[in-house]
Each structure stands twice: as C-alpha cells, then as structure tokens.
1. For the stretch 141-221, what number results from the quotient of the Cα radius of gyration and 2.2 N^0.38 Å?
2. Using only Cα atoms, what is the ratio of the radius of gyration of the chain to 2.2 N^0.38 Å?
3. I need the Debye-formula profile for the stretch 1-60: one equal scatterer per C-alpha, no solvent, reported as log10 I(q)/I(0) at q = 0.13, 0.14 1/Å, two decimals.
4. Return one quarter of the surface area of the convex hull spanned by the alpha-carbon atoms of the stretch 128-187, equal to its mean projected area, in nm².
5. Give me the tail of P(r) for the stretch 88-156 as a percent: Cα-Cα pairs with distance above 13 Å.
6. Based on other C-beta atoms within 10 Å, arrange 149, 15 from fewest to most.
7. Can you give the helix-only mean residue ellipticity at 222 nm for the chain, where every DSSP H stretch with n ≥ 4 adds -39500 (n - 2.57) and the sum goes over all residues, rounded to the nearest 500 deg cm²/dmol?
8. Explain nothing, just the number: relative contact order of the chain, from Cα pairs under 8 Å at least 6 residues apart, as a whole percent.
Ligand code: AMP
C-alpha cells in the first residue's frame, strides 16, 4: 500500500506517518528527514540543499526527485510506503505518478491533514526534535520527561533551524503558493481524504485508520 500525507508544515504529517508506518508495516519516507541527514553528513546533496532549507525554500525538484527515486528503489519499500513531505508541488506530484507507473505501483490513499494557521504556528514554534532518533516533542503540548532530553533514546533535543518565526512565515507562504495546489491534483484523481488535524494526534490517527478500513477491503489496521 502507498500512502501520501499532505498538509502544511506542522500539520502533523511526521507524527502520523511514524505511528501509521508501525501499524501498517510500511516504510516511512520523509524527504525532510533524508535531506536533514544529508546536510548533517555533508554529502554533495546535503551541501546543495542546505541553503534552500535554511531559508525555508524548497530544494530544487530534480535533486529531491532523484533522492526519492533512490529511496523507493530500496528493497524495504517494495511492500509499500508512507510519503511525508513529497510531493510539495504539482510538478513533483506528476513526477511521482511517473515513478510509480514505471514500477507498476499506485497511490492508494492521500490524506490531507487540514490545520488552522494558529495551531500550526503554535506547534512549530514549540517543536523539539531528537538529534538521534528524530522523535518529536513540544515544549508545552508534549514536553520530554527530562529537560531537552529524548524520552526514547536519551539524546539531546534541539529546535530545527527552520522552526524559527521568520522561516516559519516563509515556509507557510511557499506552502500556500506551491503545495496547496497538490490537494486539488489528488482531489481530481479521487484519491483525497481530508482530515481535520487541529485535534489531538490520537484522534487524527483514529480518523485516518477508520478511513483506511472503510476504503481498503483487504486491510487490517
Ligand atoms: P520537512 O521536514 O518536510 O518540513 O522539510 C524540511 C525542508 O526540507 C523543507 O522546508 C524544504 O526545504 C526541504 N524539503 C523537504 N521535502 C521537500 C520536497 N519534496 N521538495 C523540496 N524541498 C523539500
């Protein structure tokens, strides 16, 4: 099964993808996580991507497309995956269709996590991420048990450099301009399910799970 999660930064794509990937036994592919890893490893891709990411801009389509194609080609993605952070514009959505066509695969579900701007800003400005395992926390909504320390693995938490107020603004502008049209792209293809994601993560997960059960005969979630 192939699932795409759409929504603004902070809508909860990463949180939902992590839990869903365990429940459905699908690989979680986050283009943002792969890019951050490349930046931290100072790979050629990371060096090229860094400046765009720091500004809150999109990394050029060709770079991300190739990176995703490589990831989808890995054996663990054969049984299906959850895409988080791709596609980010209509060109990427078309590229994804082509990529999957060539592998005789299709997208089963697109969930659009719909959040209000006030909730998004509150979530992003308080978000803390584990420097090792990538687990997300929130200063107020989901604080770690020990200050700035990951509950999962004990590593240090940090604030993403693109979660600063000015960069959040820029990312939201880009989302409205480039990424929002992707919602209509999948709506026309009748693959889109819209889910209110202002609510708690557990409630959002319940809704997504129910939609999968109701619309996919062979799936036990
Ligand atoms: P995310 O973790 O999904 O919020 O992504 C963090 C940053 O990585 C974005 O602000 C972009 O700079 C870059 N990025 C992630 N996914 C993509 C993509 N599909 N296309 C272009 N840039 C991306």
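1. Ratio of Rg to 2.2 N^0.38 Å for the stretch 141-221: 1.52.
2. In units of the 2.2 N^0.38 Å rule of thumb, it is 0.98.
3. Log10 of I(q)/I(0), two decimals: -0.41, -0.48.
4. That works out to 5.6 nm².
5. Beyond 13 Å sits 73 percent of the P(r) for the stretch 88-156.
6. Lowest count first: 149, 15.
7. Mean residue ellipticity at 222 nm (helix-derived): -14500 deg cm²/dmol.
8. Relative contact order, the chain: 29 percent.
A short reminder: the numbers here are calculations on the coordinates, not readings from a lab. This structure is a prediction, so every number in the text was calculated from the model and none was measured. In this analysis, Cβ positions are derived from the backbone assuming ideal geometry, glycine residues included, and neighbour counts consider all displayed protein chains.
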